[in-house]
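Scroll down for the structure; my scribbles are underneath it.
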Amino acid sequence: KQEVTQIPAALSVPEGENLVLNCSFTDSAIYNLQWFRQDPGKGLTSLLLIQSSQREQTSGRLNASLDKSSGRSTLYIAASQPGDSATYLCAVNEGANSKLTFGKGITLSVRP
Amino acid sequence: DTEVTQTPKHLVMGMTNKKSLKCEQHMGHRAMYWYKQKAKKPPELMFVYSYEKLSINESVPSRFSPECPNSSLLNLHLHALQPEDSALYLCASSRVWGLGSPLHFGNGTRLTVT
């Protein structure tokens, strides 16, 4: 059974820092991995999707990498801003039924 | 703006009420999903519809009844809920079911059962 782990559960950083959020998964047989952002009480916003054949994806200040063989993904946020404060969830899609297995998320707080 | 629209945004209901949650997408997606998310927990899959047919029911209690009247609409009918059913209910859609098709989520309905 696939398990997705995100550590730490919470992170607080000063504005302007570059930071890395980690995600690990136990079964490397995945179709893709998505990083989502969730603001309090809101739905999930897809940030980046990495297909299993890809190594990384970039969007603005965000860069996500995937090392399928080692079961790891990282989300890199450059020059963090207070508006980046949210919970970041990674989810793996094993493809057969598009069922996503989520990590528990990392709650990020960026201090002004 | 999300491309998956959920109504209402908030719902408070008593344990004897009957209510419905609605979800709509116009992206031509043929798979739609209901997820339940408790506070500080990741979303949990409840139901999957593919081409308007129920494909997955994750052993959800019968007090939750999904319906997919057409390819753009997904409903979740609620009856005789319990306070522990209070949660954020998220709808999602994908181009197809399977093959790693990425999911697009709505903003959810915050449900409180009193």
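How much space per residue, in cubic angstrom, does the convex hull of the C-alpha atoms of chain B take up?
Given the Cα convex hull of chain B, per-residue volume reads 97 Å³.
Which cysteines in chain B lack any other cysteine whose Cβ sits under 4.7 Å from their own Cβ? Result for chain B is B:CYS68, no neighbouring Cys Cβ within the cutoff. Among B:THR7, B:THR114, sorting on how many other beta-carbon atoms sit within 10 Å of each Cβ, with the fewest leading, yields B:THR114, B:THR7. Of the residues A:ASP84, A:ASP27, the one with the fewest other Cβ atoms within 10 Å heads the list, and the complete ranking is A:ASP27, A:ASP84. Put in line by how crowded their Cβ is, counting other Cβ atoms within 10 Å and starting with the fewest, B:VAL113, B:VAL4 read B:VAL113, B:VAL4. Could you list, in their original order, any pairs among B:LYS9/B:LYS38; A:LYS104/B:LYS19; A:LYS104/B:LYS22; A:LYS68/A:LYS99; A:LYS42/A:LYS104; A:LYS68/B:LYS36 whose Cα atoms are separated by more than 24 Å? From the list (B:LYS9/B:LYS38; A:LYS104/B:LYS19; A:LYS104/B:LYS22; A:LYS68/A:LYS99; A:LYS42/A:LYS104; A:LYS68/B:LYS36), the Cα-Cα distance tops 24 Å for A:LYS104/B:LYS19; A:LYS104/B:LYS22; A:LYS68/B:LYS36. With the simple spin-label model, which puts each label point 7 Å out from Cα in the Cβ direction, the B:ARG30 to B:VAL96 separation comes to 0.7 nm. Computed from phi, the 3J(HN,Hα) profile of the stretch B:58-70 under the Karplus parametrisation 6.51, -1.76, 1.60 (θ = phi - 60°) reads 7, 6, 7, x, 5, 5, 9, 10, x, 8, 10, x, 7 Hz, with x in place of Gly and Pro. Efficiency by 1/(1 + (r/R0)^6): what FRET value for A:SER46 and B:MET15, r their Cβ-Cβ distance, R0 = 35 Å, to the nearest 0.05? E(calc), rounded to 0.05, equals 0.50. Computed over the stretch B:38-114, relative contact order equals 24 percent, with contacts defined as Cα pairs under 8 Å that lie 6+ residues apart. The tail of the calculated P(r) for the protein assembly as shown, taken as Cα-Cα distances beyond 34 Å, holds 14 percent of the pairs.
Peptide A:40-50: average number of partner chain Cβ atoms within 10 Å per residue? Let's see the in-between values first.
On the way: counts 1, 7, 9, 16, 13, 4, 5, 0, 0, 3, 0.
The mean count of partner-chain Cβ atoms within 10 Å per residue comes to 5.
Shielding of peptide B:47-55 by partners, expressed as the average count of other chain Cβ atoms within 10 Å per residue Cβ, is 1.
Every read-out reported here was derived from the displayed coordinates using simple, explicitly stated rules and does not represent laboratory data. Just so it is clear, the structure is predicted and the values come from calculations on it, not from any experiment. Virtual Cβ from ideal backbone geometry, glycine too; neighbours counted across all protein chains shown.
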